[in-house]
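Visitor: For reference, the structure I am asking about is given below.
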Amino acid sequence: MARILVVDDSAVSRKSLKEILERAGHQIVGEAGDGLDALEKYKSLKPDLVTMDITMPRVSGIEGLKSIVAEDDAARVVMISALGQGAKILEALQNGARHYLTKPFEADKVVDAVTEVLAA
């Protein structure tokens, strides 16, 4: 079981991820709606893993990822993107993301990605 922070500007996506991850035995320790809020919650909650949407208002997921990795270079972040955002996914991986998922996501792929990143 891991302590996970779910970051997405869509409440529907956060709820869906939360349900998938909780069914897999993980604990959701917090939720955030943008990259700035994600950094603050990361610092206070110290989660084992973060799921981070790429496209968000105010502070993007890429900027949030960079901030979290600057804070903790061992941070485990799984990026979530819409289909067709290949360049953004590559940028995220180059900046410290450990894995990525595309929306709409499937429960088994979410669980597999999280399991893989936690095991690494």
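Visitor: Which whole-number value in Å² is the accessible area per residue of the chain, probe 1.4 Å? Each step should come with its number before you reach the end.
Guide: Details: 5870 Å² over 120 residues.
Dividing the accessible area of the chain by its residue count gives 49 Å².
Visitor: Give the total of Lys-Lys pairs in the chain with Cα-Cα distances below 15 Å; include a pair only if its members are 8 or more places apart or on different chains.
Guide: Close lysine pairs found across the chain: 7.
Visitor: Which order do Arg76, Arg14, Arg98, Arg23 take when ranked by solvent-accessible area (1.4 Å probe, heavy atoms of all protein chains), largest first? Write out the running numbers ahead of the final one.
Guide: Details: Arg76 70, Arg14 45, Arg98 100, Arg23 170 Å².
So the residues, ranked largest to smallest area, are Arg23, Arg98, Arg76, Arg14.
Visitor: Roughly to the nearest percent, how much of the accessible area of region 3-119 is carbon and sulfur, given a 1.4 Å probe?
Guide: C and S atoms contribute 51 percent here.
Visitor: Stokes-Einstein at 4 °C, 1.567 mPa s, Kirkwood radius from Cα pairs: D for the chain in µm² s⁻¹? The partial results should precede the final answer.
Guide: On the way: Rh = 13.6 Å.
It diffuses with D of about 95 µm²/s by this estimate.
Visitor: Rounded to whole Hz and in sequence order, give me ³J(HN,Hα) for region 39-53 from the Karplus expression 6.51 cos²θ - 1.76 cosθ + 1.60, θ = phi - 60°, writing x for Gly and Pro.
Guide: Taking θ as phi minus 60°, the curve returns 4, 4, 5, 4, 5, 7, 9, 6, x, 6, 7, 10, 9, 9, 5 Hz for region 39-53.
The values are calculated or read from the model by the stated rules, or taken from the named source; none is laboratory data. The structure presented is a predicted model; accordingly, all values stated were derived computationally and were not measured. We work out accessible area using only protein heavy atoms, side chains counted, and drop any ligands, DNA or RNA first. Shrake-Rupley method; radii C 1.70, N 1.55, O 1.52, S 1.80 Å.
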